[in-house]
Amino acid sequence: MKIIDKHLLREHLVPLAYCLTAFLLLFVVIDIFGNLAKFLKFETSAGEIALYYGYLAISIVEIISPASLLLATLYT
């Protein structure tokens, strides 16, 4: 791999990671507020909630990756 390729890849992966993280956190926070009544009703522990969102994150990344990739490309 040439030096220019490594530089361009590094310069693109950092904004992509930031965008993916930001969109994932935004999605999770909105979903937590939507499901908060259910979590409190069934007395769900914090570990179970974290495990739920850990498994859900895989499908969420599939949904938000096109938007994150587009935003990272525009930023780069």
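If we keep just the residues of the stretch 10-29 that are of a type in the set (A, V, I, L, M, F, W, C) and open to solvent by 80 Å² or more (accessible area, probe 1.4 Å), which is farthest from Val61 (Cα to Cα)?
Filtering the stretch 10-29 for residues of a type in the set (A, V, I, L, M, F, W, C) gives 13-14, 16-17, 19-20, 22-29.
Add one more test, that the residue is open to solvent by 80 Å² or more (accessible area, probe 1.4 Å), and what stays is 13, 25-27.
On the way: Leu13: 15, Leu25: 11, Leu26: 12, Phe27: 10 Å.
The extreme case among them is Leu13.
Could you tell me which numbered condition Arg10 fails, if it satisfies all but one of (1) assigned to a helix (DSSP H, G or I); (2) at positive phi?
If we test Arg10 against (1) assigned to a helix (DSSP H, G or I); (2) at positive phi, just (2) comes out false.
Exactly one of (1) exposed (fewer than 10 other Cβ atoms within 10 Å of the Cβ); (2) assigned to a helix (DSSP H, G or I); (3) not β-branched (Val, Ile, Thr) is unmet by Met1. Its number?
(2)
With (1) open to solvent by less than 100 Å² (accessible area, probe 1.4 Å); (2) within 17 Å of the chain's Cα centre (by Cα); (3) β-branched (Val, Ile, Thr) as the list, and Ile63 as the residue in question, which single condition is left unmet?
Ile63 satisfies every listed condition except (1).
Of the conditions (1) farther than 24 Å from Leu13 by Cβ; (2) hydroxyl-bearing (Ser, Thr, Tyr); (3) loosely packed, with under 13 Cβ neighbours inside 10 Å, Thr73 clears all except one; give me its number.
Result: Thr73 fails condition (1) only.
I need the full set of residues from the stretch 42-76 which are under 16 Å from Ile30 (Cα atoms), of a type in the set (Phe, Trp, Tyr) and in contact (Cβ under 8 Å) with a residue 12 or more places away in the chain, in order please.
Answer for the stretch 42-76, where residues must be under 16 Å from Ile30 (Cα atoms), of a type in the set (Phe, Trp, Tyr) and in contact (Cβ under 8 Å) with a residue 12 or more places away in the chain: just Tyr53.
The values are calculated or read from the model by the stated rules, or taken from the named source; none is laboratory data. What you see is a predicted model; the values in this text were computed from it and never measured. Cβ: placed from backbone, ideal geometry, glycine included. Neighbour counts: every protein chain shown. Heavy atoms of the whole protein, side chains included, go into the accessibility calculation; ligands, DNA and RNA do not. Shrake-Rupley method; radii C 1.70, N 1.55, O 1.52, S 1.80 Å.
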